[in-house]
Amino acid sequence: ASVSIGYTLDLFGGVRRGVEAQLALADYQRAQLDTTYLTLAANVVTASLQEASLREQLRATEQILDSQRKSLDIAEKQQQIGAKSLSDTLAVRTQLASTEASLPPLRARLAATRNQLATYLGSTPAQLELKPLRLDAITLPQDIPVSLPSSLVEQRPDIRAAAAQLHAATAQVGVATAAMLPQISLSGSAGSQALHAGDLFSAGTGAWSLGLGLTQPLFHGGELLHKKRAAQAGLDKALADWQQTVLVAFQNVADALQALEYDAQGLAAQVNAEGAAAQQLTLTRQQYRVGATGYLDLLNAERSYQQARIALIQARTSRLTDTAALYAALGGSWQGDSNQQVARQSH
C-alpha cells in the first residue's frame, strides 16, 4: 500500500502558457456571444424602424388616394355639366391609378419586413404580435456626440474577440517554445510493503522513494521547430486580423457619425420641403375652387406633396436607423460599460 505524487516544474512556462491560451479562447467565445446579442439587437431595431416607416408611407399614400378620389368625383361632375373637359378628367384618373399602383409594392415590402422581424424575434409570421410603432413617437438621444474617443471602440465585441485570439496565439508560441526545452519533474512515494495484509504499516515495512526526472526532446526530425514556426505564423495572422478589425471598427464609427450629420441636414431640408409642398397644395386647391388654376396644376401640387411626405418619412427613418447603427458600431453605447449594455439587450 503506497501513495505516489508527481510534480512537473514549469520552468519555461509551457503549462502556464497553455492555461493562458485556454482562458483567452474562453474570452473569445464570450465576445462572440456578445457579438451575436449585439447584432440581433441591431437587426431587431432596424427591422422595427423599417416596418414603422413602411406603415406610415402606406398611410400617407392612402390619404393622398382619398384626396385624389374626391378630386376625380368633382372632375366627373364638372365634366357632366360641361364645366371641364374629358382630358381634365382623364388626367385626374391617370394620377389616381398611378398612386394606386404604388400600394402593392409597399404592402409587399411591409409583409416581408414583418416576416423578417418575426424571424429575428424567434417566432413564425403567423405568431408575431406587434404593438404599432410610430416614428414620431421615437425620441433621439439629446447627447449624440459629434466625435468620439477611440477608447470607446475597444468595447466592441468583435475587437475584444480579435484581441482574445491574438492573446491565445501569443500563448501558443510560448507553448511551442517550451516544448523544445527540457522538462524537469519531481516524484515521490511512501507506503508499506508486507506479505500479508495484516502486517501492513507495522514496524519495518515502511518504504519510500524520491525521484528527479529530466526529459529533453532530441530526435523529432524538425517537428518541434516547425510547430514553433507555425505558432509564430498564427501569431502574425492573429495580429493582422486584429489590426483589420480595429480599422473596420473605426470606419464603421466614422461612417455612422458622418451619416448622422448628413441625416440631420437632410431631415431639416425635407421638413421644409414638406411644409412648402403642403402650403402649395392648399393654395392650389383654393385657386382651383375659384377657377384660377387648372387640373394639371392641382395634380402637380398633389404629386409634389405626396413625394415630399414620403421623402420626409424616409428621412426620419434614415436618421433613426443610422443612430441604431452608431450604437452597434460602438459595441452597444457610447456611455457606460458594453457588457452591461449587452446584458440588458439579452434580457
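Could you pull out every one of the aspartates and glutamates with an alpha carbon less than 16 Å from that of Lys227, ignoring same-chain neighbours closer than 8 positions?
Result set, ordered by chain and number: Asp236.
Using a 1.4 angstrom probe on heavy atoms only, work out the carbon and sulfur share of the accessible area of the chain in %. Walk me through the numbers before you get to the answer.
Numbers: 11510 of 20380 Å².
Result for the chain: 56 percent of the exposed heavy-atom area is carbon or sulfur.
Which of the aspartates and glutamates could a cross-linker span from Lys237 if the Cα-Cα distance has to be under 17 Å and same-chain partners fewer than 8 positions apart are dropped?
Counting by Cα, and skipping residues close in sequence, Lys237 has these aspartates and glutamates nearby: Asp158.
Which of the trypsin sites (Lys or Arg not before Pro) across the range 193-251 are loop residues per DSSP, with 10 or fewer other Cβ within 10 Å? Show your work: numbers first, answer last.
On the way: sites: Lys227, Lys228, Arg229, Lys237; in loops: none.
Sparse-neighbourhood loop trypsin sites (Lys or Arg not before Pro): none present.
Simple spin-label model, 7 Å along Cα-to-Cβ: Glu223 to Ser4 in nm?
A separation of 2.4 nm, rounded to one decimal place.
Pick the calculated log10 I(q)/I(0) by the Debye sum over Cα atoms at q = 0.09 Å⁻¹ for this structure from (1) -0.76; (2) -0.67; (3) -0.52?
Step by step, log10 I(q)/I(0) by the Debye sum over Cα atoms at q = 0.09 Å⁻¹ for this structure corresponds to label (1).
So how much accessible area does Phe12 have, in Å² to the nearest 10, using a 1.4 Å probe?
Phe12 exposes around 100 Å² with every protein chain in place.
Taking a label point 7 Å from the Cα of Ser189 along the Cα→Cβ vector, which residues of the range 213-255 have an amide N closer than 18 Å to it?
Hits in the range 213-255 for Ser189 at 18 Å: 213-214.
How high is the relative contact order of the chain, in percent, counting Cα pairs under 8 Å that sit 6 or more residues apart?
Working: 375 pairs, mean separation 103.1, N = 347.
Reported as a whole number, the value is 30 percent.
With every protein chain present, what is the per residue accessible area of the chain (1.4 Å probe, Å²)? Please list the in-between numbers first.
Details: 20380 Å² over 347 residues.
On a per-residue basis, the chain sits at 59 Å².
Report, in degrees rounded to the nearest 10, the 0 to 90 angle that the Cα long axis of helix 86-101 makes with the longest principal axis of the chain.
Value to nearest ten degrees: 10.
Once every DSSP H run of n ≥ 4 in the chain is given -39500 (n - 2.57) and the sum is divided by its residues, what mean residue ellipticity at 222 nm do you get, rounded to the nearest 500 deg cm²/dmol?
On the way: 7 runs with 234 residues, N = 347.
-24500 deg cm²/dmol, from helical runs alone.
Take peptides 318-329, 202-213 and line them up by average Cβ neighbours within 10 Å, highest first, as a rough protection proxy. Don't skip to the end; give the middle numbers.
Working: 318-329: 20.2, 202-213: 10.7.
Averaged packing, sorted descending, gives the order 318-329, 202-213.
Take the alpha carbon atoms of the range 184-200, find their center, do the same for the range 1-54, and report the distance between the two centers in whole angstrom.
When both Cα centres are located, 44 Å separates them.
Of Asp136, Asp73, which has the most accessible area with a 1.4 Å probe, and how do the rest follow in descending order?
Values: Asp136 90, Asp73 70 Å².
Largest accessible area first, the residues go Asp136, Asp73.
The values are calculated or read from the model by the stated rules, or taken from the named source; none is laboratory data. All of these numbers come straight from a predicted model, not from anything done at the bench. Cβ sites come from the backbone with ideal geometry, for glycine too, and all protein chains shown count toward neighbours. Remember, those area values only see protein heavy atoms, side chains included, never the ligands or the DNA or RNA. Shrake-Rupley method; radii C 1.70, N 1.55, O 1.52, S 1.80 Å.
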